Amino acid sequence: MLARTPACVECGLPWGAPSFKHEDEAPLYWSDTGLLCSSTCAQTHFGKRRVEGTFVAIPAECPVEV
């Protein structure tokens, strides 16, 4: 299980901000490197990782306990 990051790993939006997408205190988007605040940041993040060659095709476990 990943440690909860204090902000989106892509744009820096803080966890808990009104526009940070979540449900039942759990993020809707994440990767093996941390939380992502939206589908836009998730797409950007995974696109960059594919280009860098660091994309992991196996889904990471939810980084927080619900």
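Mind checking the angle between helix 39-52 and the chain's longest principal axis? C-alpha axes, 0 to 90 degrees, to the nearest 10.
Around 30 degrees separate the two axes.
Name the residue from G53, S19, C37 whose Cα lies farthest towards the positive end of the charge dipole of the chain, charges +1 on Cβ of Lys and Arg and -1 on Cβ of Asp and Glu.
Of the options given, the answer is G53.
Mind checking the per residue accessible area of the stretch 1-63 for me, 1.4 Å probe, whole number of Å²?
Accessible area per residue: 63 Å².
Ranked from highest to lowest mean number of other Cβ atoms within 10 Å per residue, what is the order of the peptides 8-15, 34-41?
Taking the mean over residues of other Cβ atoms within 10 Å, the ranking is 34-41, 8-15.
Go ahead and run the numbers for FRET between D24 and E52, Cβ-Cβ distance against an R0 of 35 Å, rounding to 0.05.
0.60
What net charge is computed for the residues neighbouring T44, neighbours being all others with C-beta under 12 Å from the C-beta of T44, Lys and Arg scored +1, Asp and Glu -1?
Combined, the nearby Lys, Arg, Asp and Glu give +2.
As an exercise, identify the GluC sites (Glu not before Pro) in the stretch 18-66 lying in DSSP coil whose Cβ has no more than 14 other Cβ atoms within 10 Å.
E25, E61, E65
Take the alpha carbon gyration tensor of the chain, find the square roots of its eigenvalues, order them as a ≥ b ≥ c, and report rounded if a/c is under 1.5; if not, report prolate when a/b exceeds b/c, else oblate.
Oblate, because a/c is 1.5 or more while a/b does not exceed b/c.
Taking the Cα centre of the chain as origin, work out the dipole magnitude from +1 charges on Lys and Arg Cβ and -1 charges on Asp and Glu Cβ, in debye rounded to 20.
320
Please report the carbon-and-sulfur percent of the accessible area for the chain; probe 1.4 Å, protein heavy atoms only, DNA, RNA and ligands left out.
Of all accessible area on the chain, carbon and sulfur atoms account for 56 percent.
The values are calculated or read from the model by the stated rules, or taken from the named source; none is laboratory data. No experiment lies behind these values; they were computed from the predicted model shown. Counting neighbours? That spans all protein chains shown, and the Cβs are built from the backbone with ideal geometry, glycine included. These area figures cover heavy atoms from the full protein model, side chains too; ligands, DNA and RNA do not enter into them. Shrake-Rupley method; radii C 1.70, N 1.55, O 1.52, S 1.80 Å.
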